[in-house]
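Dropping a structure here in structure tokens format, bear with me for questions.
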Amino acid sequence: MTIALGIPTLAGKRASPGPRPDGATELRDSWGRVATDLRISLTDRCNLRCTYCMPAEGLPFAPSDQLMQADEIARLAAVAVRDLGVRQVRFTGGEPLLRKDLVDVIARVAALGPRPEISLTTNAIGLASRAQALADAGLDRINVSLDTVHAATFLAVTRRPFLARVLDGIDAAARAGLTPIKINAVLLRGVNDDQAVELLEWCLARGHQLRFIEQMPLDADHSWERDTMVTAAEIRASLDESFALVPTTTPRDGAPAELFDVYSGGEVRGQVGIIASVTESFCSDCRRTRLTSEGAVRSCLFSHAEVDLLGPLRAGASDSTLAELWREAMWAKPSGHGLDAGSFATDSFVQPERTMSAIGG
Ligand code: SF4
């Protein structure tokens with residue numbers, strides 16, 4: 001038996017958010033939310049070709065001189081932490097491990113005051129040889145994208161035979177103390193949706209926290225369909241066959257995942273999370289702000305607008321100017337992703353141009 005708690009969405013759209021209150025220093029939006037969780041995409045490149053993300057041939061990737069360099073990342077992170085109230089920094093991609101200067105980037109952000117919590121979302125390929133150096137540089141914990149523990153399914157989903165390297169990476173992260181390790185899994189109908197129980201069992205046995213993420217319409221092929229997406233309700237129903245899921249009492253504090261304590265044989269075995277981005281939106285308590293690898297602010301994963309910071313930074317803008325641009329960008333944040341049932345009925349949902357591979361989780 002599972003109880004879904006779901007958080008109500010913010011009402012409606014507005015032509016313009018109105019003037020921003022004077023003197024506000026934090027990253028407040030016109031709906032009253034304050035962003036304290038910064039996601040920084042370090043690259044749009046990846047060494048996997050997941051079917052729900054990008055085509056087999058890949059995408060036209062940004063030239064390296066258009067990407068933020070280590071000192072530019074550190075400077076923008078400093079502005080965010082010192083002047084804008086950011087307390088968590090998550091590095092994402094594409095695949096952030098493809099950045100050769102990742103250890104340097106993390107060390108620079110770990111040296112900031114106040115020190116933010118630093119995490120990484122990765123596919124863990126190549127992590128086996130870098131986990132300790134990343135931990136020594138200041139990385140606190142990681143989220144690993146892993147949709148299956150079967151080599152054949154892994155190949156079918158990612159188009160690469162790299163499962164063993166991912167599993168080695170996860171083990172190395174555990175040895176380096178980058179815990180709790182969170183595993184992010186997307187279920188695809190007819191591909192791995194029958195492996196949910198097995199994947200949870202695999203994570204519970206290793207003390208990893210599994211989170212199932214509803215597939216979102218951010219793929220480069222624009223082939224996402226609402227009807228073929230595996231919903232949170234279906235995921236709960238499949239887990240219910242083998243486990244008892246009880247919503248945790250831990251406050252959610254704007255976190256995307258709804259967490260459940262997992263019981264089997266009357267014993268609590270660990271936790272599982274469900275990120276129901278599409279069917280049970282959590283936008284009303286969103287605390288995220290994002291920087292693309294080209295140094296633009298995205299107020300929302302599904303934004304259709306971005307505000308460039310890298311250009312002004314390279315043109316000599318001061319930290320206070322950069323901070324003000326960032327505040328303005330967040331003030332105009334949309335109420336949510338607009339993926340509610342109504343938008344499908346009226347076909348009003350418009351997928352953003354930038355794909356997930358160039359935004360990061
Ligand atoms: S869709 Fe946008 S507003 Fe909603 S939770 Fe994600 S980033 Fe926040």
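The values are calculated or read from the model by the stated rules, or taken from the named source; none is laboratory data. Every value quoted in this text rests on a predicted model; they were computed, and no experiment measured them. Using ideal geometry, Cβ is built from the backbone for each residue, glycine included, and neighbour counts are taken over all protein chains shown. Accessible surface areas use protein heavy atoms only, side chains included; no ligands, DNA or RNA. Shrake-Rupley method; radii C 1.70, N 1.55, O 1.52, S 1.80 Å.
Ranking request for peptides 281-290, 145-154, 64-73: highest mean number of other beta-carbon atoms within 10 Å first, then the rest in descending order.
281-290, 145-154, 64-73
Hey, another quick one. If you average the C-alpha positions of region 168-191 and of region 239-299 separately, how far apart do those two centres end up, in angstrom?
15
Please say if region 147-214 is rounded, prolate or oblate, where rounded means a/c under 1.5 for a ≥ b ≥ c the square roots of the C-alpha gyration tensor eigenvalues, and otherwise the choice is prolate for a/b larger than b/c and oblate otherwise?
Note, shape of region 147-214 comes out oblate.
With charges only on Cβ, +1 for K and R and -1 for D and E, what is the dipole size of the chain about its Cα centre, in debye, rounded to 20?
In debye, rounded to 20, the chain gives about 720.
What FRET efficiency comes out for S318 versus N47 if R0 is 30 angstrom and r is the Cβ-Cβ distance? Round to the nearest 0.05.
The computed FRET efficiency comes out at 0.20.
Then there's this: In nm, to one decimal, how far is the D240 label point from the D253 one, both placed 7 Å along Cα→Cβ?
3.0
Could I ask something else about it? Could you work out the helix-only [θ] at 222 nm for the chain, with each DSSP H run of four or more residues adding -39,500 (n - 2.57) and the total divided by the number of residues, to the nearest 500 deg cm²/dmol?
-7500 deg cm²/dmol
Now for a different question. Name every cysteine in the chain that ends up alone, with no second cysteine's Cβ under 4.7 Å, or say none.
C46, C203, C283, C286, C300, each lacking another Cys Cβ under 4.7 Å.
If you don't mind, another one. Sorting V350, V230 by accessible area (1.4 Å probe), largest first, what list results?
Ranking V350, V230 by accessible area, largest first, yields V350, V230.
Still on this model: Taking amide H positions as placed in the peptide plane 1.01 Å from N, state which residues far from I183 in sequence (5 or more) or on other chains have amide H under 5 Å from it.
V144, Q209, L210, R211
How much of the DSSP bridge set in the chain is antiparallel, in percent, rounded to the nearest 5?
40
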